[in-house]
Amino acid sequence: MGERVPQHIQNQIIRKFCETNRLEYSLSASEYAMKNSYLMLEEIINEKSSMNGIVFYSLFQLPENKIYRNNIYKNIIKRKKKIFFSVENFKLSSKNDILELEEIWDVKSVLPSCYKGY
Amino acid sequence: MTSYLDKKDIHLSKNFFKKGYFIQKVSDLKSLKTLRKAVVNSLCETIKVKMKKEKDFDRFLNDIHNTIKIKNLNNTRLNILNSINSSSEFHQKYFEVAKNLLFSLVGNELAMQTRVNLSIQLPGDASSLLPVHSDIWSGDSPFEVVVWIPLVNCYSTKTMYILKPENYKKIHSKFKKYAGKNSSDFYKNIKKNVEWINIKFGEILIFNQSLPHGNIVNSEKETRWSLNCRFKSLYSPYGDKKIGEFFKPITIRAASRIGMNYSLPNLKK
Ligand SMILES: [Fe+2]
């Protein structure tokens, strides 16, 4: 959603997040550069491996489309995996977490229409 | 100009404009005591002493410099911070304590900082000073306010200072003269005009963080303990501190929820 931080910095933040939260860092993945591509994300979510979670750099790397985003949450919860967002220091593992996360998305998505000047 | 603010709000606003801050007695003393208890509890755990009785909290906090060494202070502070910030109840109580003031001065759809801060200023400690600054100069939005909650009585050098709006106005127009100088030079110039906040436990301070403020070495015989947290109107402009990473929505209203989830019906096949 318009955020861009160099990949190696994102990786450092993610590693630090894992360290602080005692999560085992096993694999780094970067999404394809095409707009609205979530091919890598889908691949990881649907993978039946021992991996039990995904750490994102930021929650604003999730798809902008709400329905698509909700499918991802459902999929994650169904597969008993967790997602984490480093910048926001947020863990998503329950339906309540989804509501909280979506509130932030909702506010963020109307901010471009709000007063911006000072 | 149309304004339907009630008398109480107008009174608060006038004071806030004029002084740059407002101090109010906390009506929800129970919530305030819960905040102080959480801090004391975590402090006792960190320094491994038995939990104190509530009647002894004030003395215990004020005299903590007899127990904690300056070199261990930051670790203690970080431990307490992690503990209080892992509790959503703590955040809610913090809001409850300031709710009326916030609704009057900021609005009723609010964003709250995701982490409450804690200041501990031991007597004579020059390592935890906050040199004169305006929060806006380091990336905060001028639409934010700070709710500052003392856990002990704060006075003289055991408190913070703020430059009054009228004095800031004079400096603002002559700011060029500070080019190439440092914050100490700036402080020297404003020193005689700053106001030292005199506040007791049981009161809260809400202040305009765009006004220069800070503290100096605490030369009283007691330790200062205070909490601070920023609030802003949810849909007002954000500075570098964004929604999600620094602020969280805490009072979204029904009409906004409906609006945010509305999409026009689609006629395309
Ligand atoms: Fe400040």
Scope region B:52-72; condition open to solvent by 50 Å² or more (accessible area, probe 1.4 Å) and part of a helix (DSSP H, G or I); matching residues
B:54, B:55, B:56, B:58, B:59, B:65, B:66, B:70, B:71, B:72
Which one of these is of a type outside the set (Val, Ile, Thr) and more than 30 Å from residue B:92 (Cβ to Cβ): B:226, B:183?
B:183
For residue B:124, work out the one condition from (1) within 14 Å of another protein chain (Cβ to nearest Cβ); (2) at positive phi it doesn't fulfil.
(1)
For region B:149-164, how many residues meet the condition of being within 18 Å of residue B:64 (Cα to Cα) and among the charged types (D, E, K, R)?
1
Cβ-Cβ under 8 Å, sequence separation 6+ or interchain: first residue in region B:245-264 and within 16 Å of residue B:114 (Cα to Cα), partner of a type in the set (Ser, Thr, Tyr). Which pairs?
B:245/A:58; B:245/B:114; B:246/B:114; B:247/B:114; B:247/B:238; B:248/B:114
From B:30, B:14, B:25, B:18, grab the single residue that is open to solvent by 50 Å² or more (accessible area, probe 1.4 Å), over 21 Å from residue B:223 (Cβ atoms), touching a strand residue (DSSP E or B) at 6+ places or on another chain (Cβ under 7 Å) and not polar (S, T, N, Q).
B:25
Residues of region B:144-156 being crowded, with 17+ Cβ neighbours inside 10 Å and more than 16 Å from the ligand (Cβ to nearest atom), which ones?
B:151, B:152, B:153
Looking at residue B:141 and the list (1) within 14 Å of chain A (Cβ to nearest Cβ); (2) modelled with pLDDT of 95 or more; (3) open to solvent by 10 Å² or more (accessible area, probe 1.4 Å); (4) within 16 Å of the ligand (Cβ to nearest atom), which single condition is not satisfied?
(3)
Please list, ordered by first then second residue, the pairs with beta carbon atoms under 8 Å, 6 or more apart or interchain, first in region B:63-85 and under 12 Å from residue B:116 (Cα atoms), second open to solvent by 50 Å² or more (accessible area, probe 1.4 Å) and assigned to a loop (DSSP other than H, G, I, E, B).
B:81/B:115; B:85/B:115
Considering region B:98-109, residues that are more than 15 Å from the chain's Cα centre (by Cα) and open to solvent by less than 40 Å² (accessible area, probe 1.4 Å), and then whichever is farthest from the other protein chains (Cβ to nearest Cβ), we arrive at B:104
Restricting to region B:198-213, and then to whatever is in contact with a Leu (Cβ under 8 Å, 6 or more places away or on another chain) and either on the phi < 0 side of the Ramachandran plot or open to solvent by 40 Å² or more (accessible area, probe 1.4 Å) (or both), can you tell me which residue is farthest from the ligand (Cβ to nearest atom)?
B:201
Output for region B:210-246, where each listed residue is within 23 Å of residue B:36 (Cα to Cα) and at the interface with chain A (Cβ under 9 Å from one of its Cβ atoms):
none
Sort out for me the strands (runs of 3 or more DSSP E) sitting completely within region B:151-269 that have 2 or more residues that are closer than 30 Å to residue A:62 by Cβ.
B:224-233, B:247-249
Say whether the condition of being touching a residue at least 12 places away in the same chain (Cβ under 8 Å) and touching an Asp or Glu at 6+ places or on another chain (Cβ under 6 Å) is met by at least one residue in region A:89-111.
no
Would you confirm, using the coordinates I've provided, whether residue B:127 is open to solvent by 10 Å² or more (accessible area, probe 1.4 Å) and within 21 Å of the chain's Cα centre (by Cα)?
yes
Restricting region B:247-269 to residues that are of a type in the set (Gly, Ala, Ser) and surrounded by fewer than 17 Cβ atoms within 10 Å (Cβ to Cβ), the one nearest to the other protein chains (Cβ to nearest Cβ) turns out to be B:259
Please state which of the following conditions residue B:167 fails to meet, knowing it meets all the rest: (1) farther than 18 Å from residue B:61 by Cβ; (2) within 16 Å of the ligand (Cβ to nearest atom); (3) of a type in the set (S, T, N, Q).
(2)
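Can you go through B:37, B:69, B:55 and tell me which one is of a type outside the set (Phe, Trp, Tyr), modelled with pLDDT under 95 and farther than 25 Å from residue B:106 by Cβ?
Answer to the check: B:69.
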Suppose we keep only residues that are in contact with a helix residue (DSSP H, G or I) (Cβ under 9 Å, 6 or more places away or on another chain) and within 11 Å of the ligand (Cβ to nearest atom) within region B:127-138. Which one would you say is farthest from the other protein chains (Cβ to nearest Cβ)?
B:131
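The values are calculated or read from the model by the stated rules, or taken from the named source; none is laboratory data. Source: prediction; values computed, not measured. Ideal geometry is used to build each Cβ from the backbone, glycine not excepted, and the neighbour counts take in all protein chains shown. The accessibility values were calculated without ligands, DNA or RNA, using every heavy atom of the protein model including side chains. Shrake-Rupley method; radii C 1.70, N 1.55, O 1.52, S 1.80 Å.
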